[in-house]
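Colleague: Please see the structure below; I have some questions.
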Amino acid sequence: MPDTSPQLIDPAAPSEQIESLLTAVAAKPDASEGMRTMMQRASEFPNRLAAQLTGIALDPYGRQVADQFLDAYWSDEPRQQAALRATGTDREVIIGSGFHAAVYAAVRVRSGFGKPLVLERNDRVGGVFAMTARPAFYLNSRNRAGNAGLAGDQGASLNYLPGAPIQAANVSMAEYQTNTDMAFVIRLALAQFADVVTNADVQAVARDGAAVEVLLAGRGAITAGRVIDARGLGDPNDQDLANGTTILTFPQFMQRMAGMWPLRGVRRVAVIGGGDSAKCAVEAVLGIGPQPYMAAAALDSVDRVDWYAELPATCEGWQDDIRGRYQAIGRYLRPDRLGGRRLTVLQRRARPVALPGLGLVDGRTYDLVVVCTGNREADIDGLDLASFYEYTIAGSTLVVAREHYDLPAFRVGPHARLPFTAREREDGIADIPANAVSMFRTASKTAALAATLPAVTQD
Ligand SMILES: Cc1cc2nc3c(=O)[nH]c(=O)nc-3n(C[C@H](O)[C@H](O)[C@H](O)COP(=O)(O)OP(=O)(O)OC[C@H]3O[C@@H](n4cnc5c(N)ncnc54)[C@H](O)[C@@H]3O)c2cc1C
């Protein structure tokens with residue numbers, strides 16, 4: 001009988017991948033300045049590794065070198081093959097490499113279990129926050145030091161990744177951090193606590209005796225003892241309307257914003273949709289998002305933004321109805337002294353049509369149309385939502401995930417579509433619909449699942 005009892009590890013001991021990352025950064029004197037400098041304050045950190053990684057994160061060149069190292073490591077084909085071959089009935093497989101994959105892996109390993117294998121369909125690890133390698137949008141959850149907790153608790157960190165080597169609060173002190181700040185924390189956690197294979201698109205999952213067979217597009221099937229389905233919010237709803245040039249989905253637009261002079265020749269823009277993604281897109285074209293690469297107001301200034309959304313159309317209405325994070329947008333709704341204004345909210349639904357070199361919306365032409373109309377689940381055979389029920393950990397009524405009726409498989413994070421708890425309703429958290437998918441709401445639930453599930457061979 002193999003020993004499946006949890007084996008506690010030292011979380012401050014770098015994994016092989018993190019050790020190689022530290023070596024790669026140390027080998028470049030310009031890139032290791034932050035790491036070396038931060039060691040002067042090493043005693044203020046929980047351990048040496050946290051000081052080293054914080055130093056790297058706070059040094060732009062150090063972070064760039066580390067990010068490039070991680071990408072190269074994860075894309076190495078022989079390493080990927082070895083990781084896929086190492087699967088078996090005693091291994092957990094996580095679908096997706098976002099925030100929730102990192103939470104599960106970190107808490108699982110720190111609870112004494114083996115490293116999960118993370119399968120990511122993209123070539124970049126880190127999920128939604130890693131959709132760009134350069135900063136492209138700001139988070140909507142405030143950057144605060146502290147431990148996990150709910151919104152409204154000034155002492156809690158909303159972007160807290162349980163078990164991670166360093167937290168988002170370690171990597172910058174901006175009130176709202178960039179997507180790449182969060183992505184860096186997620187990527188370090190995965191480098192420390194998981195094996196990751198990129199370009200591994202899970203297509204189907206089926207029972208194989210007591211275990212599961214996981215079928216990957218173009219890479220055959222592997223065996224797992226348990227599947228953690230952390231697919232996130234899915235693909236853009238209206239991606240079929242986008243043409244990749246004049247009509248873009250939110251991820252396509254953000255990838256453009258992270259490239260060189262992204263708004264060159266763009267004078268008139270339409271944004272469709274009123275959620276947080278659309279607000280980030282509007283911030284980007286107005287010049288109040290993160291600074292794009294090689295873009296300057298003298299060269300690249302959008303004159304007119306038409307926003308098709310059910311949102312307040314006046315500055316006053318904006319102040320009354322929209323939460324603090326997005327208040328800066330409201331002042332662009334007020335006409336200037338000459339009566340002109342750059343931003344107009346058109347409170348109606350719209351559908352874009354691609355014309356040669358232009359996008360057409362509601363009879364008006366635009367240089368660029370950004371479609372931000374939400375997401376839909378990306379299908380995997382055998383893991384449809386109807387096959388899962390709400391899962392509570394033993395002795396508790398708190399729903400932390402969804403468990404499959406027939407397979408050793410769990411849905412976690414926003415992908416689990418967990419109902420608001422009574423506590424979250426009482427605290428007003430349910431009043432903001434976007435909170436349904438926020439990290440502070442789901443992180444502790446995924447962490448609780450990871451800390452309490454038995455070893456896979458005991459299922
Ligand atoms: C644009 C945007 C901004 C957000 N900002 C905030 C914020 O500021 N604060 C906050 O609290 N929350 C925010 N959220 C919510 C955020 O998505 C969640 O809180 C959380 O990060 C989701 O993490 P995840 O790991 O569940 O999913 P994701 O980060 O979406 O990761 C899922 C991963 O699964 C992969 N995947 C999907 N299907 C497959 C497959 N078949 N095979 C292999 N891999 C697959 C995807 O490629 C992706 O990398 C934001 C969401 C979006 C879309």
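The values are calculated or read from the model by the stated rules, or taken from the named source; none is laboratory data. Bear in mind the structure is a predicted one, so any value in this text is a computation, not a measurement. Cβ sites come from the backbone with ideal geometry, for glycine too, and all protein chains shown count toward neighbours.
Colleague: Can you tell me which residue within region 16-47, out of those that are among the small types (Gly, Ala, Ser) and surrounded by 19 or more Cβ atoms within 10 Å (Cβ to Cβ), is nearest to Asn170 (Cα to Cα)?
Modeller: Filtering first and then ranking leaves Gly34.
Colleague: Another question, if that's okay. Look through region 104-140, keep the residues that are within 17 Å of Ile166 (Cβ to Cβ) and touching a Lys or Arg at 6+ places or on another chain (Cβ under 9 Å), and return whichever of them is farthest from the ligand (Cβ to nearest atom).
Modeller: Checked region 104-140; the qualifying residue farthest from the ligand (Cβ to nearest atom) is Val109.
Colleague: Taking the condition within 21 Å of the chain's Cα centre (by Cα) and either within 13 Å of the ligand (Cβ to nearest atom) or within 17 Å of Ile166 (Cα to Cα) (or both), does Gly55 pass? Explain how you work it out, then say what you get.
Modeller: Numbers: within 21 Å of the chain's Cα centre (by Cα): no; either within 13 Å of the ligand (Cβ to nearest atom) or within 17 Å of Ile166 (Cα to Cα) (or both): yes.
No, not satisfied.
Colleague: Hand me the list of strands (runs of 3 or more DSSP E) wholly inside region 290-402 holding 2 or more residues that are modelled with pLDDT of 95 or more and either assigned by TED's automatic domain parsing to the domain that holds Pro262 or β-branched (Val, Ile, Thr) (or both).
Modeller: Filter on region 290-402 gives 304-308, 343-346, 352-355, 358-361, 364-366, 368-371.
Colleague: Another question, then. Is there any pair with a first residue in region 87-107 that is under 22 Å from Arg124 (Cα atoms) and a second that is assigned to a helix (DSSP H, G or I) and of a type in the set (S, T, N, Q) whose Cβ atoms are under 8 Å apart and which are 6 or more apart or on different chains, and what are they?
Modeller: Listed by first residue and then by second, the contacts come to His100/Thr442; His100/Thr446; Val103/Thr446; Tyr104/Thr446; Ala106/Gln192.
Colleague: Residues that are farther than 24 Å from Gly220 by Cβ, of a type in the set (A, V, I, L, M, F, W, C) and modelled with pLDDT of 95 or more: which helices (runs of 4 or more DSSP H) entirely in region 52-111 hold 1 or more of them?
Modeller: Correct list: 60-75, 99-110.
Colleague: Restricting the search to region 369-390, which residues are over 26 Å from Ala278 (Cβ atoms), crowded, with 20+ Cβ neighbours inside 10 Å and of a type outside the set (Gly, Ala, Ser)?
Modeller: Matches in region 369-390: Leu383, Phe388.
Colleague: Give region 299-320 a look and list any residue that's among the small types (Gly, Ala, Ser) and closer than 18 Å to Trp261 by Cα, or say none.
Modeller: Ser301
Colleague: Among the residues of region 378-415, write down those that are touching a helix residue (DSSP H, G or I) at 6+ places or on another chain (Cβ under 6 Å) and within 16 Å of the ligand (Cβ to nearest atom).
Modeller: Val400, Ala401, Arg402, His404, Val412, Gly413, Pro414, listed by residue number.
Colleague: How many residues are touching an Asp or Glu at 6+ places or on another chain (Cβ under 7 Å) and within 12 Å of Leu53 (Cα to Cα) if we restrict to region 160-180?
Modeller: Just the residues of region 160-180 that are touching an Asp or Glu at 6+ places or on another chain (Cβ under 7 Å), to begin with: 168, 171-172.
Imposing the further condition that a residue be within 12 Å of Leu53 (Cα to Cα) reduces the set to 168, 171.
Matching residues across region 160-180 total 2.
Colleague: Would you pick out the residues in region 416-441 that are at pLDDT below 95, within 13 Å of the ligand (Cβ to nearest atom) and part of a helix (DSSP H, G or I)?
Modeller: Ile429, Pro433, Ala434, Asn435, Ala436, Val437, Met439, Phe440, Arg441 - these are the residues of region 416-441 that are at pLDDT below 95, within 13 Å of the ligand (Cβ to nearest atom) and part of a helix (DSSP H, G or I).
Colleague: Collect the residues in region 443-458 that are farther than 14 Å from Gly163 by Cα, crowded, with 20+ Cβ neighbours inside 10 Å and at pLDDT 95 or above, keeping them in residue-number order.
Modeller: Scanning region 443-458 gives a single hit, Leu453.
Colleague: A further question follows. Quick one: which residue in Leu161, Leu188 is within 14 Å of the ligand (Cβ to nearest atom) and either on the phi > 0 side of the Ramachandran plot or out of contact with any Lys or Arg (no Cβ under 8 Å at 6 or more places or on another chain) (or both)?
Modeller: Answer to the check: Leu161.
Colleague: Out of region 262-277, which residues are of a type in the set (D, E, K, R) and either within 15 Å of the ligand (Cβ to nearest atom) or modelled with pLDDT under 95 (or both)?
Modeller: Scanning region 262-277 gives a single hit, Asp276.
Colleague: Are any residues in region 3-15 charged (D, E, K, R) and either in the same structural domain as Val107 (by TED's automatic domain parsing) or modelled with pLDDT under 85 (or both), and if so, which ones?
Modeller: Once the filter is applied, which keeps residues that are charged (D, E, K, R) and either in the same structural domain as Val107 (by TED's automatic domain parsing) or modelled with pLDDT under 85 (or both), region 3-15 yields only Asp3.
Colleague: Here's a follow-up. Checking Asn147 against (1) without any contact (Cβ under 8 Å) to a residue 60 or more places away in the chain; (2) buried (at least 20 other Cβ atoms within 10 Å of the Cβ); (3) more than 18 Å from the chain's Cα centre (by Cα): exactly one of these is not met. Which one?
Modeller: (2)
Colleague: When you scan region 199-213, do you find a residue that is under 19 Å from the mean Cα position of the chain (by Cα) and more than 10 Å from the ligand (Cβ to nearest atom), even just one?
Modeller: No, region 199-213 contains no residue that is under 19 Å from the mean Cα position of the chain (by Cα) and more than 10 Å from the ligand (Cβ to nearest atom).
Colleague: Would it be correct to say that Val285 is away from the ligand (no atom under 11 Å from the Cβ) and touching a helix residue (DSSP H, G or I) at 6+ places or on another chain (Cβ under 7 Å)?
Modeller: In short, no.
Colleague: Let me ask another. Could you say whether any residue in region 224-245 is hydroxyl-bearing (Ser, Thr, Tyr), under 22 Å from Gly126 (Cα atoms) and not in a strand (DSSP E or B)? Spell out the reasoning first.
Modeller: First pass over region 224-245, keeping only residues hydroxyl-bearing (Ser, Thr, Tyr): 245.
Next, only the ones that are under 22 Å from Gly126 (Cα atoms) stay: none.
The answer is no; no qualifying residue exists.
Colleague: Could I ask something else about it? Touching a residue at least 40 places away in the same chain (Cβ under 8 Å), closer than 16 Å to Gly413 by Cβ, among the hydrophobic types (A, V, I, L, M, F, W, C) and in a loop (DSSP other than H, G, I, E, B): which single residue out of Ala164, Ala183 fits that description? Spell out the reasoning first.
Modeller: On the way: Ala183 fails: in a loop (DSSP other than H, G, I, E, B).
Going through Ala164, Ala183 in turn, just one is touching a residue at least 40 places away in the same chain (Cβ under 8 Å), closer than 16 Å to Gly413 by Cβ, among the hydrophobic types (A, V, I, L, M, F, W, C) and in a loop (DSSP other than H, G, I, E, B): Ala164.
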